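The values are calculated or read from the model by the stated rules, or taken from the named source; none is laboratory data. Computed from a predicted structure; not experimentally measured. Quick reminder, even Gly has a Cβ in these numbers, built from the backbone with ideal geometry, and neighbours come from all protein chains shown. All accessible areas refer to the heavy atoms of the entire protein, side chains included, with ligands and DNA or RNA removed. Shrake-Rupley method; radii C 1.70, N 1.55, O 1.52, S 1.80 Å.
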Amino acid sequence: MKQDFNLLASFPPPRELHIEDQQLDHAAKEYIRDLNLNKAELKKAVLSNHARAIEIADPTTNTIGCCLVASILTDALRSKDSTAIEPAAVHQVLFNLLSRFDVLQVRYVGSLFRSILEEVCTGKFFSPLLTAELASAAISRLDPSGSVYTSAYLPVAKLALAEDCVEAVLPIIDRDLTFFPGAPTMRHGRLLCDAALPSPYYITKSTGLTDDVEPAHVLEYYYVSGLLYTTRRNWTKARKSFERAVTYPGKDHGVSRISLAAYKRWLLVGLLADGVAPTLPNYTLTWTKHSFPRLCTAYINLTESFLAGTSEPLTSTVSTNAATWEEDGTQSLVAEVVDAYQRWLIVKLRHVYSRLPISQIQQEITSALMSLNAGDVIALLESMIASGSLKAELRRGTGGEEDYLIFQEDRALLSEADFAREIAQSHHTITALTEEYKLVNERLSTNREYVSHMAREKKRAEKEKENPMGDFEENLEDDEDLMTGDMQIDNTD
Amino acid sequence: MAHLTPDLQNYFGHMRQQGGVVVESEKPPGRTQFDRLLHIGRSSIPLCVDALKAAVKEAKAGGDVSRYNEAWENIRVAAPYEPEAIKDEEWIKRQNDINKKESTRLESNLSGYKQNGIKESIRMGNEDLGQHYEQIGKLREASDAYGRMRHEVSTTKHIMDCCQRLISVALQRRDWSSIISNIAKINSIQGVEDDRGMQPYIKIVSGIGYLGKGLFKEAADNLLQADLSAPADTFNDIATPNDVAIYGGLLALAVMDRDRLQTRVLDNPQFRVFLETESHIRKAITHFVSGRYSACLSILESYKADYLLDIYLSKHVETIFSRIRQKCITQYFVPFSCVTLDSLNETFAHDGQSIEAELVDMIRSGSLNARIDSESRLLVAVQSDPRLEMQYAALKAARKYGDEAKERLRRINLIAAGLEVKAGKQQPGGEIAWAEGAPLGAVS
């Protein structure tokens, strides 16, 4: 047994040796090979003295060993192989592993790590909040650049939505994911333990850090992200997420029910975010652009009545389509839209007036939905000013004078330093994107299909250069009359 | 409107000899005369009965029974005790028989020409048939017959004739797109630009076509290029020079700024000839260019009733007037940083009314860049800070570039990973090809 623990403890090489990446890569592969060869003995040893195994396999220094120990212990706990194993100890191992794993070593045991993460995401080890926090932190550490979508995203997002712990997963939901599993792999010739290796190279199905995903998986992730932002009342980000589900690429006129559900919510959160109907970006599929409005007439009518300027069409649209909202599960969002109507009317007054009396505001919004007295209007304005949704000052009249709302400039002049900082930030983002584009270009340029397509094109171009008429003359039948298009049939035989 | 009897001719001849002023109405001949009479009869209270009576008379002078029925239906309701309100069933029956016989004759002639296979005869046969259908009010059949002329054309004159016939029918059918497309065909004929005789016809018809479609800028551009030095007989069955002056002048006022009005309208020697026929339009434009906006508007208001009786203009009068009025208010405000609402009311509002609601609409639509200060009763120009604008424009451009680049990258990678949604099974009764994906709420 001591021998087995010696094997477990034989990695990583001592720090004092200052080994190079290549040696570490070699040592990790050797270590995994040895562990696989002695798996049965090791399992027995871990189950008989798991406390010692846990002590040896510290995830900070030996993530590979820790993954194995965690896997053995969770299997044992699941199958109840050993009654001596305390669940608390297993929970501790899992907690330590997910929160302190080594970001380089974990790339060698991707599938094992992923299966542990997936099992934790089922929520049977920790409270939902802790599960969401742990999984979110693990995903963030695996991919610091935050650009690669993995099969772990959707379960975590759905867990957060179901258990109402949105805050915990925001760090990963906020990411701009631009790479997806299933893209052609590229021979990069770099070591997995290279700290500078871009994440799309190591978060792949071949390393096991992600599984293959289906289009519906990614679509649903965007849809759930939109719902998560909706629960946070972050309408702008919710609109962006739903928009990604609506504009999701498709072919052969293929669209999804998820996209349609997202489209309905996209219209509603668009109204809440900007007070105007959102517009689809130019890369939206033509089929989607034409068919979705036809399929969602109730929502289109609601949008039009919101912008009509009078409340009657809005209230009648909301009441006549109550069954539709209930069926689609959008009642609460529709109620939000109705609630926001008066506030957007006030905000839009800034485009017309520089200052106006409260009585006039009262008159403008009293015709909308419900009547408010002057005190209610002032309370509403104060709450809007306090929340930052209205940049204005409320000037209370003295001695019988009327109260006035004075609109302020909603954009403030930035100082030179702030402006320079903002520009530098944008520059940094664009530079990072340029790197990602280079990566995609390299990846697609070495794709087998692309290379064979280019070879074919080159061949064709050379052929055309030699013979500008192509095969036209060769394809002409001898007796074909070009002017009439008739074929003269030779009946002499 | 009434025919000039010999007695009247003698009377006006005598008046002329004595140096008196005699005004001749310049209403265009042809089929538009009936349309104009009927439109006036339907729109004008004082002229209603006279116009409808004249329309009935005009209809009976031709062979179009449907027109007679339309005019009679109107006069029957408007003036049931007039002699014209009694339906002339005998005339209808007789005219229907004549029309039917003539249609049969022309159709059999045409089939004879087709059997002989002489192209020119077939073309002329179609032309005759088209003219007949046009006269009896079968406009769709007329358009089809004229359209068939196109197959047998052999000279540019034939193409031009064919297009002009089609335009004539399209004008009666109010098919503005067809007018514009046929004008484009005439314009594509080689050498037509040198044909001075056709120039006013092309420009005026184009102007009316674009006006019908509500494209005021294009309409004004065409009408202002019309040249009256060419003979008026090419276009006077469509519009008189007075009509051209009114259409062109009003539309120019609605769409052009002061500089362009000066150079393209007042200083335009070709259009000036038209303007002389309607001096009030010239005065209104001159007032606008000189900054006397209320004078300009009051001239136009005094002639508004006339414009509403015009068959091509009536539908657009309110829009054109509203645009001119908005331009006047905007131009009035240009030299000031703020203007009192009272002075605006004094200049533009009708008696006892306020201009504030109109200003609100203009600001909301973006045609006026100003804000209303209800406390001081001022209209204040929006003063933008160039530095602030620059900062926000720069940051917005950078953000937009970054967002678009990310979005495109995301889509490239989704497609490269084969993650596009593909068409699934056709839903019964549904047009959408739904993808077979995981149902909502299920964990993949």
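Among the residues that make up the stretch A:195-207, is at least one of them of a type outside the set (Ser, Thr, Tyr), within 12 Å of chain B (Cβ to nearest Cβ) and open to solvent by 40 Å² or more (accessible area, probe 1.4 Å)? Among the residues of the stretch A:195-207, at least one is of a type outside the set (Ser, Thr, Tyr), within 12 Å of chain B (Cβ to nearest Cβ) and open to solvent by 40 Å² or more (accessible area, probe 1.4 Å), which makes the answer yes.
Of the numbered criteria (1) part of a helix (DSSP H, G or I); (2) at pLDDT 85 or above; (3) surrounded by fewer than 18 Cβ atoms within 10 Å (Cβ to Cβ), the one A:LEU68 fails is (3). Does the stretch B:380-391 include one or more residues that are in contact with a Cys (Cβ under 7 Å, 6 or more places away or on another chain), open to solvent by 40 Å² or more (accessible area, probe 1.4 Å) and within 7 Å of chain A (Cβ to nearest Cβ)? Yes: the stretch B:380-391 contains one or more residues that are in contact with a Cys (Cβ under 7 Å, 6 or more places away or on another chain), open to solvent by 40 Å² or more (accessible area, probe 1.4 Å) and within 7 Å of chain A (Cβ to nearest Cβ). Say whether the condition of being within 11 Å of chain B (Cβ to nearest Cβ), under 30 Å from B:GLU407 (Cα atoms) and modelled with pLDDT under 90 is met by at least one residue in the stretch A:449-464. Yes, the stretch A:449-464 has at least one match. Among the residues of the stretch B:29-36, is there at least one that is aromatic (Phe, Trp, Tyr) and without any contact (Cβ under 8 Å) to a residue 12 or more places away in the chain? No, the stretch B:29-36 contains no residue that is aromatic (Phe, Trp, Tyr) and without any contact (Cβ under 8 Å) to a residue 12 or more places away in the chain.
Among the residues that make up the stretch A:325-337, is at least one of them open to solvent by 50 Å² or more (accessible area, probe 1.4 Å), under 28 Å from A:ASP410 (Cβ atoms) and not assigned by TED's automatic domain parsing to the domain that holds A:GLY397? Yes, the conditions are met somewhere in the stretch A:325-337. Out of B:TYR303, B:TYR307, one residue alone is more than 28 Å from A:ILE361 (Cα to Cα) and open to solvent by less than 70 Å² (accessible area, probe 1.4 Å). It is B:TYR307. Scanning the stretch A:95-105 for residues that are more than 23 Å from the chain's Cα centre (by Cα) and part of a helix (DSSP H, G or I) gives A:PHE95, A:ASN96, A:LEU97, A:ARG100, A:GLN105.
Within the stretch A:140-158, which residues are assigned to a helix (DSSP H, G or I) and crowded, with 23+ Cβ neighbours inside 10 Å? Across the stretch A:140-158, the qualifying residues are A:LEU142, A:TYR153, A:LEU154, A:VAL156, A:ALA157. Of the residues making up the stretch B:246-261, those that are surrounded by 17 or more Cβ atoms within 10 Å (Cβ to Cβ) and either in a helix (DSSP H, G or I) or at positive phi (or both) are B:ILE246, B:TYR247, B:GLY248, B:GLY249, B:LEU250, B:LEU251, B:ALA252, B:LEU253, B:ALA254, B:VAL255, B:LEU261. Contact annotation: residue pairs with Cβ atoms under 7 Å, 6 or more positions apart or on different chains, pairing a residue in the stretch A:420-446 that is closer than 13 Å to A:PRO198 by Cβ with a partner that is surrounded by 15 or more Cβ atoms within 10 Å (Cβ to Cβ) and at pLDDT below 85, are A:GLU442/A:MET186; A:ARG443/A:ALA183; A:ARG443/A:MET186. Just one of (1) away from every other protein chain (no Cβ under 13 Å); (2) surrounded by 22 or more Cβ atoms within 10 Å (Cβ to Cβ); (3) in contact (Cβ under 8 Å) with a residue 40 or more places away in the chain fails for A:ALA135. It is (3). Listed by position, the helices (runs of 4 or more DSSP H) enclosed by the stretch A:256-352 that each have at least 2 residues that are touching a residue at least 60 places away in the same chain (Cβ under 8 Å) and within 14 Å of another protein chain (Cβ to nearest Cβ) are A:257-274, A:331-348.
With respect to the conditions (1) open to solvent by 40 Å² or more (accessible area, probe 1.4 Å); (2) within 9 Å of chain A (Cβ to nearest Cβ), B:VAL360 lacks only one, and its number is (1). Considering the stretch B:392-417, and only residues there that are crowded, with 17+ Cβ neighbours inside 10 Å and among the charged types (D, E, K, R), the residue that is farthest from the other protein chains (Cβ to nearest Cβ) turns out to be B:GLU407.
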